[in-house]
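First the structure, in the form of structure tokens, and then the observations on it.
FYI, it's all coordinate maths here, none of it is from the lab. Keep in mind that this is a model prediction, so the values were computed, not measured. For neighbour counting, all protein chains shown are included, and Cβ atoms are generated from backbone atoms with ideal geometry for every residue, glycine included.
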Amino acid sequence: MGRRRASTYGSTRLITVIGNNSQVVPTVGLLVGGNIPVVVYTDDPHLEEALAPYSGVSVFPIAKDYTEAPPDLPDSPYIIAVNPDTLARQIRSWLPRTFAIFHTSSEHKGRNNASGFLNLSPSPTNHRKHLLRRLSTLRRVDKICDMVRHAEFPLILMYADPDPDAIGAALALALIMKSVGAQPVIRYTGEVQRYQNKLMLNFLKEPIERLRDSELEAADVVAVVDAQPGFWKHNPPNAHIVIDHHPVREDTKAVYCDLRDHYGSTSSILIEYLHEAGIPIRRKLATALLYGLMTDTADLSRHTTSADIKAYDLVHTKADLYFLSRLAKSVVPINMLDQISWGINHRIVFRDLMLIHFGEIQTPDLLVQVADSMLLTCGINWVVCAGKLGDKLVVVFRGDGHRQDVGSRARSAFAKIGSAGGHRTMGRAEIPLGGEHVDTTVDLLINNLFKRMAQKQREKFIRILRNYLHGPGPTEALPLITR
Ligand SMILES: [Mn+2]
């Protein structure tokens, strides 16, 4: 056995391995492969021979059954490579006190490492599971490629007004198809409405267009992403490929189905495909996928699994984060600014509530935008914005969900006289009117919102709000420069 004493090494990288099980040789191989000096203590007389091919390793004998510490034991870390666990604990009893004690035992079925020791490497069971998952993903990608390899006209279809997740997933699927020479087209069946989605399509500069009837007939492979054929009430498409994360519909049938309703986004599924298949994700695609993932999971805060977080990890460094932050902030139409400023100037603040009544409005979006923005005010935990839209009073609630549950506020105030509901951070009520004057909606708002407030205080609020509404309206009030 080695004649040099372990302590003479003096390297801060030195690692001590104690034991004799089948893990010793691979462990030593791993360490010396990285030029890490290793000292081995073993009661197995044949081990030195087995370790002979490795340089940088010294082998020393130790008392039979590891009953006592060898002289000149180096400092931590220690890797204990023995079976059974009782023997590992026996060795630990004479080791110096340290956290850096690893245990690597021969594999036992369905059993983890002995408690109190650190794992040296991921368990082989997990490793195999991971490998099998990768292989099944690769089989999926192969199957898609086989389906489109000889297709004349593969069509990727998104449902209705395509949302960011559908756009990201469609582009990723197109890239997979293109890798085998197919030339898919991406289509949607509704109308792009949201400003942010238009901005995204502009950024991507991809030929994503509205479906023409003839195209569906001409397509020889139809893939539906981020939806299922049954979403189309009239003439659901006959899909060959369906990839989606919405709840599985019973009527969804296709040659290729990947339905994962536990995933936060369809983009996450496609990121996995691209990653496992080794298909590079370029900046624009990464941006589209990340935006899809983030919008569907509300920035990884809703319906998010570890798979989504892993997918996030794979694309976030590649994406154009400046563009995404511009996109995230582009929510207020410029022609709404005067109305918003009127609202801010005609607010009522009562304790932690900000209340604004806009009088007659053209769109409930105004209430939503203002309520969202005013929640940024320090000390304001909930915001209520109201407006008369045609022959109904719309009341939008926004809250922090921490001190206020605005959904239940909306219900207790208005459920008896209209439709009202929501959850802790968002609520909405719509109260049908019978041709009443806008003044009456002020009473309706105050008296129902503050049922337990003293009459006098309520009257004061009603007076203030009515005065506001009798003054100059949102578009005449302020000589603002519009553009
Ligand atoms: Mn989605």
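For segment 329-382, the set of trypsin sites (Lys or Arg not before Pro) satisfying both a DSSP loop assignment and a count of at most 12 other C-beta atoms within 10 Å is given as Arg351. Phe231 sits among other residues whose Cβ lies under 11 Å from its own Cβ, and their net charge, with Lys and Arg +1 and Asp and Glu -1, is -1. Over all other residues within a Cβ to Cβ distance under 10 Å of Ala286, the charged ones net out to +3, with Lys and Arg as +1 and Asp and Glu as -1. Spin-label model, Leu132 to Ile464: label points 7 Å out along the Cα-to-beta-carbon direction sit 6.6 nm apart.
Let me check I've understood the local charge: for Leu314, count other residues with C-beta under 11 angstrom from its C-beta, Lys and Arg +1, Asp and Glu -1. What total comes out?
My count for the surroundings of Leu314 gives -2.
If the Kirkwood radius is taken over C-alpha pairs of the chain, then at 37 °C and 0.692 mPa s the Stokes-Einstein diffusion coefficient equals 116 µm²/s. Answer with one residue from Ala182, Ile80, Val384: the one whose Cα lies farthest towards the positive end of the charge dipole of the chain, charges on Cβ with Lys, Arg +1 and Asp, Glu -1. In the chain, that residue is Val384. Among the trypsin sites (Lys or Arg not before Pro) in segment 268-313, those located in a DSSP loop and surrounded by at most 16 other Cβ atoms within 10 Å of their own Cβ are Arg282, Arg302. With both labels modelled 7 Å from their Cα along Cα-to-Cβ, the Val25 to Asp365 distance reads 7.1 nm.
Based on the Kirkwood approach, the hydrodynamic radius assigned to segment 375-483 is 15.0 Å, with every pair of different Cα atoms included. About its Cα centre, the dipole of segment 192-241 is roughly 340 debye, where the only charges are +1 on Lys and Arg Cβ and -1 on Asp and Glu Cβ. For segment 416-475, the set of GluC sites (Glu not before Pro) satisfying both a DSSP loop assignment and a count of at most 15 other C-beta atoms within 10 Å is given as Glu436. Antiparallel beta bridges, as assigned by DSSP with both residues in the chain, represent about 35 percent of the total such bridges. Among the listed pairs Lys205/Lys329; Lys198/Lys329; Lys253/Lys310; Lys143/Lys198, which are separated by more than 25 Å between their Cα atoms? Over 25 Å Cα-Cα: Lys253/Lys310; Lys143/Lys198.
Each residue in Ser325, Ser265, Ser76 was given a count of other beta-carbon atoms within 10 angstrom of its own, and listing them fewest first yields Ser325, Ser76, Ser265.
Given R0 = 22 Å, the distance between the Cβ atoms of Phe350 and His437 translates into a calculated FRET efficiency of 0.35.
As a proxy for reagent exposure, Val368, Val59, Val82 were ordered by neighbouring Cβ count within 10 angstrom, fewest first; the result is Val368, Val59, Val82. Taking label points 7 Å from Cα along the Cα-to-Cβ direction, Asp261 and Leu300 give a separation of 2.6 nm. Start at zero, step by 10 Å, and the Cα-Cα distances of segment 135-327 spread as 9, 40, 39, 11, 0 percent across the bins.
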